[in-house]
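Chemist: Sharing a structure with you now.
Laboratory data are not the source of any read-out in this text; all were calculated from the coordinates shown. As the structure is a prediction and not an experimental result, all values here were calculated from the model.
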Amino acid sequence: MASESIAGEMSLWDHLTELRSRLVKCAIALALTTIVAWMFYPQIFEFLIGPLEKSAPNDAIAGGSGKLLTLDPTEAFGVRIKISTYAGFAFAMPVLLWQLWKFIAPGLYSNEKKWAAWFVAAGTLLFFMGAGIAFWTMPKALDFLQEIGGDYFIEAYSPAKYLRLITYMMLAFGLGFEFPILLVFLQMAGVLHVDQLRQFRRYAIVGIAVLVAVVTPSADPISMLALTIPMCLFYEAAIVFGRLRERSQRRSAA
């Protein structure tokens, strides 16, 4: 038997106060993890440059020295700030997901509130799985982009543009892999119903393909397929979750 939701007892001001509290905690977590990422920047940089070392010719990384050429004296500082911020966001993912759960938990059934650990663990795992797939496909994406342009160019990538590409790719894939968490959350919040997901399956697949084409920074077919296929599978997984949730609710009400 589901317990009464306390969300209905909260006023709009209470919701806003709760939201502000959660956002403040998220901001503190991001600040701390960004500082940690700043301290480990050399290791993060060496990790991110790995795909370029695998695919690019030696002249793209300063004659094989493992360094990128910059012509702007402020570029290295700006790159370090951005990379530390992006890495801090990734490191803070468990805290961000926990704060999201704590914000939505009052509106859930009593038996669903016990899923907090699964929600955080699954969301964190999916984010890093997506980022990992983006990292894995990056050399293949670079090879495609270099070959499609022909032999008319000398690749000599600037640090800001290359690192922006790979970090955006990893963030896009990481957030894309949160897609099933979003669908599950919308079902739990009563915004979506499993029947609606089944009904709009074809439109959803087309929408996913269009969205991936827009958000994938490299715009190469390898990366787009690597994100589109999992998101379509996640959509199906959300439908399965909805069916199982309905059965569980029917058994609880019986």
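Chemist: Given an 8 Å cut-off on Cα distances and at least 6 residues of separation, report the relative contact order of the chain as a percent. Before the final figure, lay out the partial values.
Modeler: Values: 241 pairs, mean separation 60.7, N = 254.
Relative CO of the chain lands at 24 percent.
Chemist: Quick one: how many lysine pairs does the chain have with C-alpha atoms less than 17 Å apart and a gap of 8 or more or different chains? Give me the count, please.
Modeler: Lysine pairs meeting both conditions in the chain amount to 7.
Chemist: Can you give the translational diffusion coefficient of segment 153-242 in µm²/s, computed by Stokes-Einstein from the Kirkwood radius over Cα pairs at 20 °C and 1.002 mPa s?
Modeler: On the way: Rh = 14.4 Å.
Roughly 149 µm²/s, to the nearest whole number.
Chemist: If you wrap a convex hull around the alpha carbons of segment 65-216, what volume per residue comes out, as a whole number of Å³? Walk me through the numbers before you get to the answer.
Modeler: Numbers: hull volume 21.8 nm³, N = 152.
Normalising the Cα hull of segment 65-216 by residue number yields 144 Å³.
Chemist: Give, in nm to one decimal, the length gained when the segment between LYS161 and GLU75 is fully stretched (0.36 nm per residue of separation minus the Cα-Cα distance). Let's see the in-between values first.
Modeler: On the way: separation 86, 0.36 × 86 = 30.96 nm, distance 1.02 nm.
Taking LYS161 through GLU75 to full extension adds about 29.9 nm, to one decimal.
Chemist: Shifting gears a bit: If a/c stays under 1.5 just call it rounded; otherwise compare a/b with b/c (prolate if a/b is bigger, oblate if not). Do that for the chain, with a ≥ b ≥ c from the square roots of the Cα gyration tensor eigenvalues.
Modeler: In terms of gyration-tensor shape, oblate.
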